[in-house]
Amino acid sequence: KARYGVTPRQYIDYKALGGDWAGVSVCSCDPVDGSATDTGLLGATGAIGPFDVAPHPDGRSVYAITADGWVWHFSVVSGTGELVSLAPPSLATGAEPARIVVHPRGLAAYVVNGYDSTVSCYSIDAASGALSEVATVPTGI
């Protein structure tokens, strides 16, 4: 199942392909009617398919989670929206990550983990967009 994230300033849509696909599809969005045109598979990770994405509000970074429990950080090429993987993932999520969201002001990212009922919390560096693990907390569910 594909999940989407849209950058607020560049009219670019990112779709995590999930399953066996190893990448994030990048689409350009028409600012008037909202229609999307697929520009191709960019930002291939080589990991088990990313299935959720969240762009940073400043439009310079996109984060993806994968079924194998990693958070990926991509830089966004200005103008094209092309994704460039900054490094192999080094931040693990909890068991069965299900959703990633970025704070509206870009201060933090949160990953909801379904199997172990936790939320992984990460701070976001304002200059680079890099994530740092803060804590993984139980949801009590």
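The set of residues from region 51-103 being closer than 15 Å to Ser128 by Cβ, open to solvent by less than 20 Å² (accessible area, probe 1.4 Å) and small (Gly, Ala, Ser) comprises Gly59, Ser61. Remark: pairs (first residue in region 128-141, of a type outside the set (Phe, Trp, Tyr); second residue part of a loop (DSSP other than H, G, I, E, B); Cβ separation under 6 Å; 6+ apart in sequence or on different chains) = Gly129/His56; Gly129/Arg60; Thr136/Gly94; Thr139/Ser117; Ile141/Ser117. Restricting the first member to region 74-91 and to residues that are farther than 16 Å from Ala54 by Cβ and of a type outside the set (Asp, Glu), and the second to residues that are open to solvent by less than 50 Å² (accessible area, probe 1.4 Å) and modelled with pLDDT of 80 or more, the beta-carbon pairs closer than 6 Å and six or more apart or on different chains are Val84/Ser75. Summed over region 121-130, residues that are at pLDDT 95 or above and closer than 19 Å to Asp52 by Cβ total 3.
If you go through region 113-141 and keep only what is open to solvent by 70 Å² or more (accessible area, probe 1.4 Å) and in a strand (DSSP E or B), you end up with Glu133, Val134, Pro138.
The values are calculated or read from the model by the stated rules, or taken from the named source; none is laboratory data. If you're wondering where the values come from, they're calculated on a predicted model, not measured in any experiment. Quick reminder, even Gly has a Cβ in these numbers, built from the backbone with ideal geometry, and neighbours come from all protein chains shown. Quick note on the areas: whole protein, heavy atoms, side chains included, nothing else; ligands and nucleic acids left out. Shrake-Rupley method; radii C 1.70, N 1.55, O 1.52, S 1.80 Å.
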